[in-house]
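The values are calculated or read from the model by the stated rules, or taken from the named source; none is laboratory data. Note that the structure is a prediction, hence the values are computed from the model and not measured. Cβ placement follows ideal geometry from the backbone for every residue including glycine, while neighbour counts extend to all protein chains displayed. Quick note on the areas: whole protein, heavy atoms, side chains included, nothing else; ligands and nucleic acids left out. Shrake-Rupley method; radii C 1.70, N 1.55, O 1.52, S 1.80 Å.
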Amino acid sequence: YGEWSQQEVSVMGLNLRPDSIVVDVGANIGAMTVPLARRVPKGRVIAFEPQRVVSQILSANIQLNGLANVDVRRAVAGRHGAASTIDVPEMDPATVNNFGGLSLMSSTNSHKRTTSPGDIRGWNTVPSTPLDSLNLPKIDLLKVDAQ
């Protein structure tokens, strides 16, 4: 369907400096990650995306745009001191799905989300990373688009 949110990027970038640190939780394929990384060429962007295929597309997008200041994490951002894991559905990339509207559940919960039979191919377990475990000196922008 195609979406470009230039106004959102502009607002998010108002207080960023070239050396700013940005954390992008729910980075998807990088529609926000790429332009934010361009605004902080001497800074750093840490992009969280737990879905395997989507994370691979994000990583390719970062490489194709020559952005050496982006660190892609195939993980979810979690609570302080709560390093754990999360089960992430492996959606079939060959079918039409809303990959950005996926709900996640803690792997400590034995009841996985029910979906229609064609929606997923299985489940992957990814780490839940507390933001404070990143040991960043600061976070200038925390963008969250997660379910």
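So the values come out like this:
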read-out: Which numbered condition GLY122 misses (of (1) at pLDDT 90 or above; (2) at positive phi); value: (1)
read-out: Members of segment 90-107 found to be among the hydroxyl-bearing types (Ser, Thr, Tyr) and either open to solvent by 70 Å² or more (accessible area, probe 1.4 Å) or at pLDDT 70 or above (or both), listed by number; value: THR95
read-out: Wholly within segment 12-89, strands (runs of 3 or more DSSP E) carrying at least 3 residues that are within 20 Å of PRO137 (Cα to Cα) and at pLDDT 90 or above; value: 21-25, 44-48, 70-73
read-out: Criterion violated by SER59 - all others in (1) open to solvent by 70 Å² or more (accessible area, probe 1.4 Å); (2) without any contact (Cβ under 8 Å) to a residue 24 or more places away in the chain satisfied; value: (1)
read-out: Selection within segment 11-29 - under 24 Å from ASN124 (Cα atoms), in contact with a Leu (Cβ under 9 Å, 6 or more places away or on another chain) and touching a residue at least 40 places away in the same chain (Cβ under 8 Å); value: VAL23, ASP24, VAL25, ALA27, ASN28
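Every residue, every condition in (1) open to solvent by less than 10 Å² (accessible area, probe 1.4 Å); (2) more than 16 Å from ALA146 (Cβ to Cβ), yes or no:
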position	(1), (2)
GLY30	yes, no
ARG38	no, yes
PRO41	no, yes
ILE46	yes, no
GLN51	no, no
ASN65	no, yes
ASN69	no, yes
VAL72	no, no
ALA75	yes, no
